[in-house]
Amino acid sequence: MTKKILFVFVLLFFNISLPLLAQEKDSINSILLNEVKITDFLAKDTISKQSSSSLDKSTIEKITSSSVGELAKYIAGLTVRDYGGLGGLKTISVRGLGSNHSAIVYDGISVTDFQTGQVDLSKFSSNNIKEINLFNGQSYSLLQTARALSSSNVFIIETLNPQFDSLQKMKAELKTSYGSFNYANLGLNVAYRINKIWTTWLDFDVQNSAGNYPYLLRYGYNETDSTSKEIRKNSDYFGVRGEWNGFASFNSKTDLKLKAYYFYSERGLPMSTTLYYLNSSQRLWDENFFLQASFTHKINNRLTYRTNAKTLYSYSHFLDPKTLNVLGYQSDKYYQREYYLNNIFSLRITDKLSSSFTNDFIYNNLNTSSSFYSKADRTSSISALSLLYDNSKLIINTNVLHYVVSDYSNRDIKRKIQNYFSPYFSVGYTWNNIFSLSAFFKDSFRMPSFNDLYFNRVSPSILKPEQTQQWNIHSAFTLNFGSYKTSLLTISLDCYYNNVRNKIVAVPQRNLFVWSIINFGEVNIKGLDMQTSFRFYLPLSIDLNIRTTYSFQRAIDVSNPISNSYKQQIPYTPLHSGTLFLNITHPFMDFSYTINFVGKRYALAENIDRNMLKAYMDHSITFSKDFNFNKTKINIGLSCLNLLAEQYEVVRNYPMPQRQFRINLKMYLK
């Protein structure tokens, strides 16, 4: 399907759908919904008792972003590796552990890429996001999957669910943006209430960018070296994403959630910017499709059952038309499939004590028509037994997890089977709902990805699984005050220590598709995360909201005392980083200002000047205003990203765009 056909389809869809929405709105009848009373055995106030960071809907709407990867920059303790431009790969690293240690949970079920182990968050639009939560260690929830419990941290993405009043049957939202470097984004969300039981909604998003932004090329690594102004080439991007969701509330004890997700993209892969090689003709095509379902039934007042199922298909095609080989080109195609089934039983033993048992069965396979090995598969079983005690002041959570994995590739004589036990323990206490203190310990296990083991172009890899131990102390202070309206101040501080054995580090070589694998024997990570949130209501209907984060992270290689990298910071891990979000809301105008600060890092293991990436500070501002017309609300906004036009790189030789402008339009049909 070509780009032109897709855009014509979108325009026709709008022309047909929006008039129908208006007609449907005039003919609706009053319908009452069943009340859903199924709940997890977890009170909302327990979130303050554990190490976590979040962005809610009101904050997400104020941050100018096109993907979840850009929103993630404002999560405390989290580092986003961004390879530039709209189509640049965006992965996360939490507290120096690498993206493979993070479980990316999308509406309750994990998103995976077992080929690389790294989920690209640029594939998820920010237009339909309700909330983002990062839980260090794990969440206290007893209705989560074993795969989420097996990870060192959990990054939870929750999408918007339509909310209807008694007279509504259909709703629609249209969002569009246009900006510098021919950036364009168009999104549509249509929700329909079929009857008292079923609700369905469709979310569609298309993005396009030429990616031809200017940058400054340095002919060396010193500030005094010669420079030239260049234009980023082969950085174009086109992507389309569609989601269908269905929700059924059969009664107060039973519900069913369904989701179908499709993503397609075509992008150029810009090369690393070196003096004599600025052009690239490499291309990458991605296609992802998955179906997932979640069924929950409250058997009685004490026992709840949930099952999650998912099937996934993923295709990627890498093309280099200028490879110096016999064929004169390189064309690699990869086909991933996953079949996933999860079962959870959660039991309330007493009013304060609950338990759960969860099991995941996962089958993955990867086939390729490339110069690598042609086939590999993995079968996994993950089981966990959890206990939770919560008396509103004291909360204790513990679980034991067992992981069994069986790997096979067509170069192996027989299957490789490994198993691992992973314990977790957490305790927290709250004084007068003002101050809370908690601590946790977790031992986790991470298998190498298929690329690590079988599809490494540099050389065949013989890798041991990573083993991680985490210790964390969390404190939080909350104060309500104010005479005009209730205002809120929250401050939290985390001190942590992580130990990683057999650490695997992947870094790109000359492009974003071929990576090299570096294996550190042991890494020690010490750090602290601080978050503050200040919400203050002023006279004249002024709402002031300020959020700040700061992270200190010392991640050093302690593998070999005679190595040049011994006790030096591991690659791409800043010692200092932080963010600022400021929003002033007034009936006349809305203003937002954000800062993203990242300290100096090193591109390679040796912490020398030649390998250093300088610190940067990215400033962005947004002005927006609401207009109400009968049954329609329109929001118009103007954004300036990288306000000071700072030239910086998140990854060595992959420059980020400088100053860029965007105009945003949002239309809501009430």
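Among the residues of the range 555-584, those that are touching a Leu at 6+ places or on another chain (Cβ under 9 Å) and surrounded by fewer than 18 Cβ atoms within 10 Å (Cβ to Cβ) comprise Leu582, Ile584.
Looking only at the range 594-638, count every residue that is polar (S, T, N, Q) and in a loop (DSSP other than H, G, I, E, B) and tell me the total. Break it down into steps so the answer makes sense when it comes.
If we filter the range 594-638 for residues that are polar (S, T, N, Q), which is where we start, we get 594, 596, 607, 611, 620, 622, 624, 628, 630, 632, 635.
With in a loop (DSSP other than H, G, I, E, B) added as a condition, the list becomes 607, 630.
The qualifying residues number 2.
Would you mind stating whether Lys633 is more than 16 Å from Val80 (Cβ to Cβ), of a type in the set (Lys, Arg) and surrounded by 14 or more Cβ atoms within 10 Å (Cβ to Cβ)?
Numbers: more than 16 Å from Val80 (Cβ to Cβ): yes; of a type in the set (Lys, Arg): yes; surrounded by 14 or more Cβ atoms within 10 Å (Cβ to Cβ): yes.
So Lys633 fits the description; yes.
Among the residues of the range 113-166, the ones that are of a type in the set (Gly, Ala, Ser) and in contact with a Phe, Trp or Tyr (Cβ under 7 Å, 6 or more places away or on another chain) come to 2 in all. Out of all the residues in the range 156-173, is one or more of a type in the set (Phe, Trp, Tyr) and under 28 Å from Gly527 (Cβ atoms)? Checking the range 156-173: not a single residue is of a type in the set (Phe, Trp, Tyr) and under 28 Å from Gly527 (Cβ atoms). Of everything listed in (1) more than 30 Å from Ile344 (Cβ to Cβ); (2) not in a strand (DSSP E or B), the single unmet condition for Asn300 is (1).
Would you please name the residue that is farthest from Leu479 (Cα to Cα), looking only at residues in the range 410-438 that are surrounded by 19 or more Cβ atoms within 10 Å (Cβ to Cβ) and out of contact with any Gly (no Cβ under 8 Å at 6 or more places or on another chain)? Before the answer, list the steps.
Of the range 410-438, the ones surrounded by 19 or more Cβ atoms within 10 Å (Cβ to Cβ) are 422, 424, 426, 428, 430, 436, 438.
This time we only want the ones that are out of contact with any Gly (no Cβ under 8 Å at 6 or more places or on another chain), so: 422, 428, 430.
Values: Ser422: 37, Gly428: 19, Thr430: 13 Å.
Restricting to residues being surrounded by 19 or more Cβ atoms within 10 Å (Cβ to Cβ) and out of contact with any Gly (no Cβ under 8 Å at 6 or more places or on another chain), the top hit is Ser422.
Among the conditions (1) in a loop (DSSP other than H, G, I, E, B); (2) of a type outside the set (A, V, I, L, M); (3) under 26 Å from Pro571 (Cα atoms), the only one that Asn161 does not satisfy is (3). Scan the range 566-591 for residues that are under 25 Å from the mean Cα position of the chain (by Cα), within 28 Å of Phe534 (Cα to Cα) and not polar (S, T, N, Q) and the total you get is 7.
Taking the condition out of contact with any Ser or Thr (no Cβ under 8 Å at 6 or more places or on another chain) and either of a type in the set (A, V, I, L, M, F, W, C) or surrounded by 16 or more Cβ atoms within 10 Å (Cβ to Cβ) (or both), does Met612 pass? It is true that Met612 is out of contact with any Ser or Thr (no Cβ under 8 Å at 6 or more places or on another chain) and either of a type in the set (A, V, I, L, M, F, W, C) or surrounded by 16 or more Cβ atoms within 10 Å (Cβ to Cβ) (or both).
Please enumerate the residues belonging to the range 225-274 that are over 30 Å from Lys298 (Cα atoms), more than 27 Å from the chain's Cα centre (by Cα) and assigned to a strand (DSSP E or B). Of everything in the range 225-274, those that are over 30 Å from Lys298 (Cα atoms), more than 27 Å from the chain's Cα centre (by Cα) and assigned to a strand (DSSP E or B) turn out to be Thr227, Ser228, Lys229, Glu230, Ile231, Thr274.
Among the residues of the range 158-167, are any crowded, with 21+ Cβ neighbours inside 10 Å and either at pLDDT 90 or above or out of contact with any strand residue (DSSP E or B) (no Cβ under 8 Å at 6 or more places or on another chain) (or both)? Can you show your working first?
So the first thing to find is which residues in the range 158-167 are crowded, with 21+ Cβ neighbours inside 10 Å, and the list is none.
There is no residue in the range 158-167 that is crowded, with 21+ Cβ neighbours inside 10 Å and either at pLDDT 90 or above or out of contact with any strand residue (DSSP E or B) (no Cβ under 8 Å at 6 or more places or on another chain) (or both).
Does Ala555 count as in contact with a Phe, Trp or Tyr (Cβ under 7 Å, 6 or more places away or on another chain), of a type in the set (Gly, Ala, Ser) and either at pLDDT 95 or above or under 21 Å from Thr91 (Cα atoms) (or both)? Here the answer is no, as Ala555 does not meet what is asked. Filtering the range 395-409 to residues that are surrounded by fewer than 18 Cβ atoms within 10 Å (Cβ to Cβ) and either among the polar types (S, T, N, Q) or in contact with a helix residue (DSSP H, G or I) (Cβ under 6 Å, 6 or more places away or on another chain) (or both) leaves Thr398, Ser406. For Lys196, indicate whether it is modelled with pLDDT under 95, part of a strand (DSSP E or B) and of a type in the set (Lys, Arg). The answer is no for Lys196. Checking every residue in the range 383-390 against the condition of being in a loop (DSSP other than H, G, I, E, B) and either without any contact (Cβ under 8 Å) to a residue 40 or more places away in the chain or touching a Pro at 6+ places or on another chain (Cβ under 6 Å) (or both) gives zero matches. Starting from residues that are buried (at least 20 other Cβ atoms within 10 Å of the Cβ) and at pLDDT 90 or above, keep the ones in the range 360-377 and report whichever is farthest from Tyr329 (Cα to Cα). Top of the filtered list is Asp360. Just one residue in the set Ser356, Ser316, Ser331 is at pLDDT 95 or above, of a type outside the set (Val, Ile, Thr) and assigned to a strand (DSSP E or B); that residue is Ser356. Take the conditions of a type in the set (Ser, Thr, Tyr) and either within 19 Å of Asp113 (Cα to Cα) or modelled with pLDDT under 90 (or both) and apply them to Tyr305. Does it pass? Answer is no for this residue. Selection within the range 592-609: residues that are among the charged types (D, E, K, R) and more than 23 Å from the chain's Cα centre (by Cα). The member of this set that is surrounded by the fewest Cβ atoms within 10 Å (Cβ to Cβ) is Asp609.
Considering Leu188, Leu160, Leu174, the condition of being more than 22 Å from the chain's Cα centre (by Cα) and in contact (Cβ under 8 Å) with a residue 12 or more places away in the chain is satisfied by Leu174 alone. In the range 107-119, is there at least one residue being outside any strand (DSSP E or B), surrounded by fewer than 24 Cβ atoms within 10 Å (Cβ to Cβ) and at pLDDT 90 or above? Yes; the residues of the range 107-119 include at least one that is outside any strand (DSSP E or B), surrounded by fewer than 24 Cβ atoms within 10 Å (Cβ to Cβ) and at pLDDT 90 or above.
Run down Tyr550, Tyr537 and say which single residue is of a type outside the set (Lys, Arg), more than 30 Å from the chain's Cα centre (by Cα) and either farther than 25 Å from Arg95 by Cβ or in a strand (DSSP E or B) (or both).
Values: Tyr550 fails: more than 30 Å from the chain's Cα centre (by Cα).
The match here is Tyr537.
Note on the range 245-260: residues that are touching a strand residue (DSSP E or B) at 6+ places or on another chain (Cβ under 7 Å) and touching a residue at least 60 places away in the same chain (Cβ under 8 Å) amount to 8.
Filtering the range 247-272 to residues that are touching a Gly at 6+ places or on another chain (Cβ under 9 Å) and more than 19 Å from Leu160 (Cβ to Cβ) leaves Tyr264, Ser265, Glu266, Arg267, Gly268, Leu269, Pro270.
The values are calculated or read from the model by the stated rules, or taken from the named source; none is laboratory data. Bear in mind that the values here come from a model prediction, so they are computed numbers and not experimental data. Glycine also receives a Cβ, built like all others from the backbone with ideal geometry; neighbour counts cover every protein chain displayed.
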